[in-house]
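The next block holds one structure in the form of structure tokens; read it before the comments.
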Amino acid sequence: MSDILPFLKSIISVSGLSGYETPVATLIEQKWTPLVDELSRSRLGSIHGLKKGSVSGKSSRPSVLIATHMDAIGLMVTRVVDGFIYVTNIGGIDPRVLPGTPVTVHASKSGEELYGVVVMPPTNLLPEGEGTGAMPLKYLMIDTGLTASEVSKRVSIGDVVAFNTEATDIAGGCVSGHSIDNRASIAALTICLEELQSKSHLWDVWAVTSTQEETSLGGAQTSAYQIRPTIAIAVDVTFGKGTGVQGWEGHELGKGPTLGIGPTIHPFLHKQFKEVAEKVEIPFAVEPMPSHSSTDGDALQLTAEGIPTMVVSIPMRYMHTPVEMISIKDIQRTGRLLAEFVASLEADFMTKIAWD
């Protein structure tokens, strides 16, 4: 199995906020071009990579869509006051983690990437009651070190701001950085495509990196509607056990992916994934998803007349922070499991599938 770490570090070291995914999309296209037969982008900017299957004698082959979203959470400029940049959130951000965070301001007026840091005012200067506990986002600012006139020449309302923490190797075979949600899954899907270069598979495989998952699920929904796959798999991250996450909602890092179970997940696909994982001795955990899965799977399942959907997740600590942490071993196992599942799909698979 190839070393996926350099590619993962490259895609978690660039921007690509929800609705503004071009920087990371370019890197993914470069990596996937030799791994698929066709590559294109949807009208919403999602990447569609087709690796053709070998089923013959039919006008069209059955297909599996594997969706991994490439967008990330971040910030957007709302106003500039005396050279300090005020922001609001793109996607779900906990303001407790922001003070002191290095960021990149994508300055539209000048076309520059400005380095900055998130700062907060002295608590004694805030309105009464606002200086205790977590600082509300409305009071946080970005300081670029530039004068007020220099900032005004460069920055506009609506400019996006991305985390600028470095990808860092962590003991225990882990890596930390921003945007690992969900670029770790893109790395896993890349491993799947690499594995399929030497595996026979009957079904077409649509490798998709969707846009706008963090804000609307729009990329996955429109891609599924355009492609109309036979079945779909959403690959995302889930909560890893750690500080404050010790119950059934969290899963051990380094112990393999999780297989979702709940209303979003087709029970037959869940059963098939378990059988494949057990056959090839890939460890996994079953993840209860009693309501929505909070992944692209929710959009995939409800597209058109409905698409049988599975959700596979990679445990990760510190979700939606600038220092997310994940196990490389779990990424590798997830990629291999996806490839083994694709290779296991028989021509008559859909004659066996039933919701019961």
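The values are calculated or read from the model by the stated rules, or taken from the named source; none is laboratory data. Worth saying up front: this structure is predicted, and the values here are computed from it rather than measured. FYI the Cβ positions are ideal-geometry reconstructions off the backbone, even for glycines, and counts take in every protein chain you see. These accessible areas exclude ligands, DNA and RNA; they are computed on the full protein's heavy atoms, side chains included. Shrake-Rupley method; radii C 1.70, N 1.55, O 1.52, S 1.80 Å.
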Check your understanding: Where does each of 46, 108, 294 land when they are ordered by accessible area, with a 1.4 Å probe and the largest first?
Key -> 294, 108, 46
Check your understanding: What shape does the range 95-207 take by its C-alpha gyration tensor, where a ≥ b ≥ c are the square roots of the eigenvalues and a/c under 1.5 counts as rounded, a/b above b/c as prolate, and the rest as oblate?
Key -> prolate
Review point. For the pair residue 134 and residue 166, how long in nm is the line joining their label points, each one 7 Å along Cα→Cβ?
Key: 2.8 nm
Practice item. Rounded, prolate or oblate: pick one for the range 265-356, where a ≥ b ≥ c are the square roots of the eigenvalues of its C-alpha gyration tensor, a/c under 1.5 means rounded, and failing that, prolate if a/b is larger than b/c, else oblate. Key: oblate
Review point. Where does the charge balance sit around residue 303 when Lys and Arg score +1, Asp and Glu -1, over other residues with C-beta under 13 Å from its C-beta?
Key: -2
Check your understanding: Size of the dipole of the range 187-282 about the Cα centre, Lys and Arg at +1 and Asp and Glu at -1 on the beta carbon, nothing else charged, in debye to 20?
Key -> 200 debye
Study note, to complete from the structure: Classified through the alpha carbon gyration tensor (a ≥ b ≥ c as square roots of its eigenvalues; rounded if a/c is under 1.5, else prolate when a/b is larger than b/c, else oblate), the range 42-169 comes out prolate
Check your understanding: In deg cm²/dmol, rounded to 500, what helix-only [θ] at 222 nm does the chain give when every DSSP H run of at least 4 residues adds -39500 (n - 2.57) and the total is split over its residues?
Key -> -7500 deg cm²/dmol
Study note, to complete from the structure: Full extension between residue 40 and residue 152 adds, at 0.36 nm per residue less the Cα distance, a length in nm of 36.5 nm
Review point. Residue 113 accessible area, nearest 10 Å², 1.4 Å probe?
Key: 130 Å²
Review point. Helix 180-196 versus the longest principal axis of the chain: what angle, 0 to 90°, nearest 10, using Cα atoms?
Key: 30 degrees
Check your understanding: Given that just one value was derived from the coordinates, which of [x] 1.03; [y] 1.23; [z] 0.99 is Cα Rg over 2.2 N^0.38 Å?
Key -> [x]
Check your understanding: Expressed as a whole number of Å, what is the distance separating the alpha-carbon centroids of the range 24-40 and the range 81-126?
Key -> 33 Å
**Study point:** residue 33 versus residue 54: modelled label distance in nm, points set 7 Å from Cα along the beta carbon direction
**Key:** 2.8 nm
Check your understanding: Can you list the lysines whose alpha carbon sits under 29 Å from that of residue 153, skipping same-chain ones fewer than 8 residues off?
Key -> 109, 138
Exercise for review: Quick one: which residues, 5 or more positions from residue 87 or on another chain, have an amide H under 5 Å from its amide H? H modelled 1.01 Å from N in the peptide plane, none for Pro or chain starts.
Suggested key: 78
Practice item. Run the numbers on the range 232-318 and let me know its relative contact order in percent, using alpha-carbon pairs under 8 Å that are six or more apart. Key: 49 percent
Review point. Just the accessible area for residue 252, please: 1.4 Å probe, Å², rounded to the nearest 10?
Key: 90 Å²
Revision key, fill the gap. Of the listed links 9/52; 52/255; 255/279; 31/199; 279/352; 271/352, those spanning more than 23 angstrom between alpha carbons are 9/52; 52/255
Check your understanding: How far, in degrees from 0 to 90, does helix 22-32 lean away from the longest principal axis of the Cα atoms of the chain, to the nearest 10?
Key -> 30 degrees
Point to revise | In the range 85-142, trypsin sites (Lys or Arg not before Pro) in a DSSP loop with at most 13 other beta-carbon atoms within 10 Å | key: 109
Review point. Around residue 245, which amide H atoms from residues at least 5 apart in sequence, or from another chain, sit under 5 Å from its own amide H, with H modelled in the peptide plane?
Key: none
